[in-house]
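Q: One structure coming up, written as structure tokens, with questions to follow.
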Amino acid sequence: MAGLIVSRLWPALALLGFLFTSAGVGAGPAAEHLAAAVRFPTVSHQHPGKLDSEAFNRLHRFFRSTYPETFARLKVEVVNGYSLLLEWPGQDSALAPVLFTAHMDVVPVEPGTAGDWSHPPFAGVIENGVIYGRGTLDDKLGVISLLEAVERLLQQGFAPQRSLFFGFGHDEEIGGVQGAGAIAQRFRERGLYFSWMLDEGGYIISDNPLLPERQVALVGVAEKLYLTLLLKTRGAGGHSSRPPPTTTIGRLAAAVVRVENNPFPAKIVPPIDTMLTRSAQHMEFPMSFLFGNLWLTEPLVARILGDDQVSSSFVRTTTAATMFNAGVKENVIPQAAEARINFRLLPGDTPEMVLAHVTRVVDDPEVEISALPREGARAPVAAMEGGGFEVISRATRSVYRDVVMLPYMMPATTDVRHYVDLADNHYRFHGALISMGQAEQVHGTNEQLAVESFEQTVAVAVAILEAAGQP
Ligand SMILES: [Zn+2]
């Protein structure tokens, strides 16, 4: 609760924080390290040829000088030039290792929006107890908190029984094939299999709509599956002064409208059922009854959540028409038109089901429908008690005393898809306390994290590594 009170008092404390920062008393070394890491513009551009190799090389040099024990005592491999694989060998080689992953690359700043930031996105400014910049949440937060934790544990003389591995990719934001994909391949070649793994994905939310009065730690135990369908149609084309009754554009537009008008049904599936049932234990009547008795209330709850644009993504396979291309000149009827519709599939739904549904509702043999290829797979829903979930929960509670731990499903995807076959259970979580507003700044404007929150993230990472290293 203390953290919540602090965050509520934040505006009042801002002036005080400014005085401390000005006097040089503000951020500790860990926060300074995150700010410094932000200053290396390790941007992933859609075109891999635009990779700024110097930015990555400088970031690596920064790691080696900032975390000397880590880079001296762990086995370090550079993968595909820019990704890092670190191994901290355990005392007992019979125990299955645990894997921690994060990514060093960040998304670009949208052209024309840099001026909307309170500080330039790659300046790494700390002001009034807040670290500003691209990557403070996604995902230099993950890389730096893990490296801080390893360095701290090495300085304390900690030696894990179980081997701990770290995979830091350099291209997650454009699919992760060169980074996480190649790291995963090295693990396969060595015959490694992990007891569980932890990647980015969930945070501790201070104002979650489910339990707005509580700090809620969302541990990602599942993610939706990404699928894009391509819809194509061809026709006669010709001069627009002599048009046929239906053009390629009209035919394809009608098909897209039919797909939009036939959304997938809202339903409560694992892990959302567990998430709701566990949150019900902290709610008051009637919400506690509604969410706590899904055996009875599932259709009603699914409908309520499905009617809201944000919560809808948790209860249905979503449909988003994202591209529509046809025509080159205003007086020429195009001979071809194509559209792309992006779906995010609930656990249990498959690409075959989506393709069959779309083919049925489009109901037009002139519209050709196919799935676009995509690397990687989807991990099954991870265990929501015991093992890694318990390690993460205990570690988080040791730092945030009154936190509510909930399993969570990520609506977006992560590098986890490259490691599906390498672990029993895949989790996605950072021990950073943020607001819903901050979560929206990921990939957007003014990405930021409070210094206090980052220090707590490192404390959670230390506790997780310590516990993960035990037999
Ligand atoms: Zn990320």
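Q: HN-Hα J couplings of the stretch 263-269 from phi, Karplus 6.51/-1.76/1.60, θ = phi - 60°, integer Hz, Gly and Pro as x?
A: x, 5, x, 6, 8, 9, 10
Q: Between Ala383 and Ala236, what is the spin-label point distance in nm, taking each point 7 Å from the Cα along the Cα→C-beta axis?
A: With each label placed 7 Å out from Cα toward Cβ, I get 6.6 nm.
Q: Are there any trypsin sites (Lys or Arg not before Pro) in the stretch 334-432 that are in a DSSP loop and have at most 14 other Cβ atoms within 10 Å? List them by number.
A: Numbers: sites: Arg340, Arg344, Arg360, Arg374, Arg378, Arg394, Arg397, Arg401, Arg417, Arg428; in loops: Arg374, Arg378, Arg401.
Answer in residue order: Arg374, Arg401.
Q: Still on this model: Tyr203's amide H: which non-local residues (gap 5+, or another chain) put their own amide H closer than 5 Å, with H modeled 1.01 Å from N in plane and none for Pro or chain starts?
A: Leu218, His430
Q: Hey, got the dipole for the stretch 350-389? About the Cα centre, +1 on K and R Cβ, -1 on D and E Cβ, debye to the nearest 20?
A: 240
Q: May I ask which residue of Pro271, Leu300, Ser288 lies farthest towards the positive end of the charge dipole of the stretch 265-316, with charges of +1 (Lys, Arg) and -1 (Asp, Glu) on Cβ and the Cα centre as origin?
A: Pro271
Q: Can you tell which of Val221, Ile333, Ala37 lies farthest toward the positive end of the dipole of the chain, using +1 and -1 charges on the Cβ of basic and acidic side chains (Lys, Arg; Asp, Glu)?
A: Result: Ile333.
Q: When a footprinting reagent is the concern and you count Cβ atoms within 10 Å, what order do Met283, Met197, Met405 take, fewest first?
A: Values: Met283 18, Met197 26, Met405 21.
Ordered from fewest to most neighbouring Cβ atoms within 10 Å, Met283, Met197, Met405 come out as Met283, Met405, Met197.
Q: Now a separate question. Compute the separation of the alpha-carbon centres of the stretch 358-429 and the stretch 289-342 and state it in Å as a whole number.
A: 19
Q: Could you work out the helix-only [θ] at 222 nm for the chain, with each DSSP H run of four or more residues adding -39,500 (n - 2.57) and the total divided by the number of residues, to the nearest 500 deg cm²/dmol? Don't skip to the answer; put the middle values down first.
A: On the way: 16 runs with 173 residues, N = 471.
The per-residue figure over the chain is -11000 deg cm²/dmol.
Q: What trypsin sites (Lys or Arg not before Pro) does the stretch 140-220 have in DSSP loop regions with at most 12 other beta carbons within 10 Å? Before the final figure, lay out each step's value.
A: On the way: sites: Lys140, Arg152, Arg162, Arg186, Arg188, Arg190, Arg214; in loops: Arg162, Arg190, Arg214.
When the trypsin sites (Lys or Arg not before Pro) of the stretch 140-220 are filtered for loop state and at most 12 Cβ neighbours within 10 Å, Arg190 remain.
Q: If you don't mind, another one. With everything on Cα atoms, drop me the angle between helix 248-261 and the longest principal axis of the chain, reported from 0 to 90° to the nearest 10.
A: Rounded to the nearest ten degrees, it is 50.
Q: Charges at C-beta only: +1 for Lys and Arg, -1 for Asp and Glu. How large is the resulting dipole of the chain about its Cα centre, in Debye rounded to 20? Show your work: numbers first, answer last.
A: Numbers: 37 positive and 50 negative charges, 112 e Å.
Charge dipole of the chain: 540 debye, to the nearest 20.
Q: When only DSSP loop residues count, what trypsin sites (Lys or Arg not before Pro) in the stretch 255-316 have their Cβ near at most 10 other Cβ atoms within 10 Å?
A: Answer in residue order: no site qualifies.
Q: For the stretch 265-316, with only Lys/Arg (+1) and Asp/Glu (-1) charged at the beta-carbon, what is the dipole magnitude about the Cα centre, in debye rounded to 20?
A: Dipole of the stretch 265-316, to the nearest 20 debye: 120 debye.
Q: Would you check the chain for Lys pairs whose C-alpha atoms are within less than 30 Å, ignoring same-chain pairs closer than 8 in sequence, and give me the count?
A: The result is 8.
Q: Here is a further query. For the pair Arg303/Ile249, report the inter-label distance in nm, with labels modelled 7 Å from Cα in the Cβ direction.
A: 4.0
Q: Still on this structure: Enumerate the calculated ³J(HN,Hα) couplings along the stretch 410-427 in order (Karplus 6.51 cos²θ - 1.76 cosθ + 1.60, θ = phi - 60°), each rounded to whole Hz, writing x wherever the residue is Gly or Pro.
A: 6, x, 9, 10, 9, 5, 3, 4, 7, 10, 3, 7, 10, 8, 6, 9, 10, 10
Q: Tell me, what ³J(HN,Hα) does each residue in the stretch 460-467 have, in order and in whole Hz, if you take phi through Karplus 6.51 cos²θ - 1.76 cosθ + 1.60 with θ = phi - 60° and put x for Gly and Pro?
A: Values, residue by residue: 5, 4, 4, 5, 5, 4, 4, 6 Hz.
Q: So, one more: Cut-off is 10 Å between beta-carbons; in what order do Trp196, Trp88 appear when sorted fewest neighbours first?
A: Fewest to most other Cβ atoms nearby, the residues stand as Trp196, Trp88.
Q: Could I ask something else about it? Can you pull the one-decimal nm distance between simple spin-label points at Asn57 and Asp363, each 7 Å off the Cα toward Cβ?
A: In this crude label model, Asn57 to Asp363 measures out at 6.2 nm.
Q: Could you pull out the longest piece of the chain with no exposed loop GluC sites (Glu not before Pro) in it, calling a site exposed if DSSP puts it outside H, G, I, E, B and it has at most 15 other Cβ atoms within 10 Å?
A: The longest uninterrupted stretch comes out as 1-212.
Q: Give the residue from Pro48, Phe187, Leu231 lying farthest towards the positive end of the charge dipole for the chain; charges sit on Cβ (+1 for Lys and Arg, -1 for Asp and Glu) and the dipole is referred to the Cα centre.
A: Sorting the options by dipole projection puts first Leu231.
We did not get these values from a lab; they are worked out from the coordinates using the rules stated. What you are looking at is a predicted structure, and each value in this text was computed from that prediction instead of being measured. Neighbour counts are summed over all protein chains in view; Cβ atoms, including those assigned to glycine, are modelled from backbone coordinates with ideal geometry.
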